[in-house]
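Below is one structure; the comments refer to it alone.
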């Protein structure tokens with residue numbers, strides 16, 4: 001499966017323009033034989049922990065627009081939106097197939113409390129897992145990368161690829177690579193982090209989009225500019241590494257909660 005990571009600047013609080021930009025790059029990725037394209041966290045509006053405007057339902061025009069783009073370009077899309085819920089919106093990532101069908105949805109579980117996101121958004125409670133071709137794929141968002149148990153939960157479900165849309169600022173960019181590699185090596189799956197680039201009213205972003213293999217090595221990475229990053233994900237490599245170096249089997253032998 002050829003995965004494309006769209007390292008792009010958001011269209012700040014202009015989701016209509018964001019959809020136009022998404023369409024342009026989805027078509028380009030499809031023409032270059034990509035099967036699936038992933039966009040950064042809250043790409044259509046820009047990530048803002050204080051702003052809940054443009055919150056919409058899964059049946060709304062923004063998700064509908066992404067579904068139309070997937071069908072038109074003939075490519076799977078990983079997008080995100082501010083999802084309406086009972087009291088506060090959720091920061092939600094969505095996987096859409098090339099036929100426009102919704103494959104999975106994941107709402108950010110670990111909200112970025114240093115920026116106040118937890119004051120304005122509601123945390124998710126469920127994993128987001130789907131099969132794309134033969135590859136079992138999971139979703140997480142940005143700050144989630146710091147929380148190893150979430151990725152363990154995905155490993156427990158047999159996930160082979162994690163896709164992580166992000167708005168990871170320049171001031172902490174070294175940690176995006178660090179945690180992407182760490183989660184990949186720890187749980188022996190591919191981890192693809194697609195990051196924002198350029199200045200926004202919230203912070204400055206310098207890209208650093210990267211894909212780590214199940215051995216923890218970086219397989220592809222972006223620069224500090226807008227660009228599309230491609231990599232051919234081969235889930236058989238995950239199976240091989242897990243079989244030949246069975247870390248997880250040995251991990252499961254210990255009841256850590258019983259340790260004193």
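The values are calculated or read from the model by the stated rules, or taken from the named source; none is laboratory data. None of the values given here were measured: they were computed from a predicted structure. Cβ atoms come from the backbone with ideal geometry, glycine included; neighbour counts cover every protein chain shown.
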| note | Flagged in the range 162-171 as surrounded by fewer than 24 Cβ atoms within 10 Å (Cβ to Cβ) and over 15 Å from residue 49 (Cβ atoms), in numbering order, are 170, 171
| note | For the range 149-183 the number of residues that are closer than 19 Å to residue 134 by Cα and assigned to a helix (DSSP H, G or I) is 3
| note | Checked against (1) surrounded by fewer than 24 Cβ atoms within 10 Å (Cβ to Cβ); (2) assigned to a loop (DSSP other than H, G, I, E, B); (3) modelled with pLDDT of 95 or more, residue 44 satisfies every condition except (1)
| Taking strands (runs of 3 or more DSSP E) that do not extend beyond the range 81-140, which have at least 2 residues that are in contact (Cβ under 8 Å) with a residue 40 or more places away in the chain? | 90-96, 102-107, 135-139
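If you take the residues of the range 187-218 that are within 18 Å of the chain's Cα centre (by Cα) and surrounded by fewer than 18 Cβ atoms within 10 Å (Cβ to Cβ), which of them is farthest from residue 46 (Cα to Cα)?
Here is the first cut: in the range 187-218, the ones within 18 Å of the chain's Cα centre (by Cα) are 187-197, 205-214, 216, 218.
The next check asks that each one be surrounded by fewer than 18 Cβ atoms within 10 Å (Cβ to Cβ); those that pass are 216, 218.
Working: 216: 29, 218: 27 Å.
Out of the qualifying residues, it is 216.
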| remark: Of the residues in the range 240-255, those that are out of contact with any helix residue (DSSP H, G or I) (no Cβ under 7 Å at 6 or more places or on another chain) and either in a loop (DSSP other than H, G, I, E, B) or touching a residue at least 40 places away in the same chain (Cβ under 8 Å) (or both) come to 241, 245, 246, 247, 252, 253, 254, 255
| request: Please go through the range 145-154 and pick out each residue that is surrounded by fewer than 16 Cβ atoms within 10 Å (Cβ to Cβ) and either free of Cβ contacts under 8 Å to residues at least 12 places away in the same chain or touching a helix residue (DSSP H, G or I) at 6+ places or on another chain (Cβ under 8 Å) (or both). | output: 146, 148, 149, 152
| Yes/no for residue 142 being more than 20 Å from residue 75 (Cα to Cα) and buried (at least 16 other Cβ atoms within 10 Å of the Cβ) | yes
| What's the number of the condition residue 75 fails, among (1) under 28 Å from residue 50 (Cβ atoms); (2) in contact with a helix residue (DSSP H, G or I) (Cβ under 6 Å, 6 or more places away or on another chain)? | (1)
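Is it the case, given these coordinates, that residue 205 is in contact with a strand residue (DSSP E or B) (Cβ under 8 Å, 6 or more places away or on another chain), closer than 23 Å to residue 79 by Cβ and part of a strand (DSSP E or B)? Quick ask: steps written out before the conclusion?
Working: in contact with a strand residue (DSSP E or B) (Cβ under 8 Å, 6 or more places away or on another chain): yes; closer than 23 Å to residue 79 by Cβ: yes; part of a strand (DSSP E or B): yes.
Judged against the criteria, residue 205 is a match.
I need a count of the residues in the range 59-68 that are surrounded by fewer than 24 Cβ atoms within 10 Å (Cβ to Cβ) and either in contact with a helix residue (DSSP H, G or I) (Cβ under 9 Å, 6 or more places away or on another chain) or part of a helix (DSSP H, G or I) (or both). First the steps, then the outcome.
At the first step, the residues of the range 59-68 found to be surrounded by fewer than 24 Cβ atoms within 10 Å (Cβ to Cβ) are 59-61, 63-65, 67-68.
So of that shortlist, the ones also either in contact with a helix residue (DSSP H, G or I) (Cβ under 9 Å, 6 or more places away or on another chain) or part of a helix (DSSP H, G or I) (or both) come out as 61, 63-65, 67-68.
Of the residues in that region, 6 qualify.
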| Residue that is surrounded by the fewest Cβ atoms within 10 Å (Cβ to Cβ) [pool: residues in the range 22-36 that are in contact with a strand residue (DSSP E or B) (Cβ under 6 Å, 6 or more places away or on another chain) and in contact (Cβ under 8 Å) with a residue 60 or more places away in the chain] | 35
| Applying the selection to the range 72-96, what residues are surrounded by fewer than 19 Cβ atoms within 10 Å (Cβ to Cβ) and in contact with a strand residue (DSSP E or B) (Cβ under 9 Å, 6 or more places away or on another chain)? | 84, 85
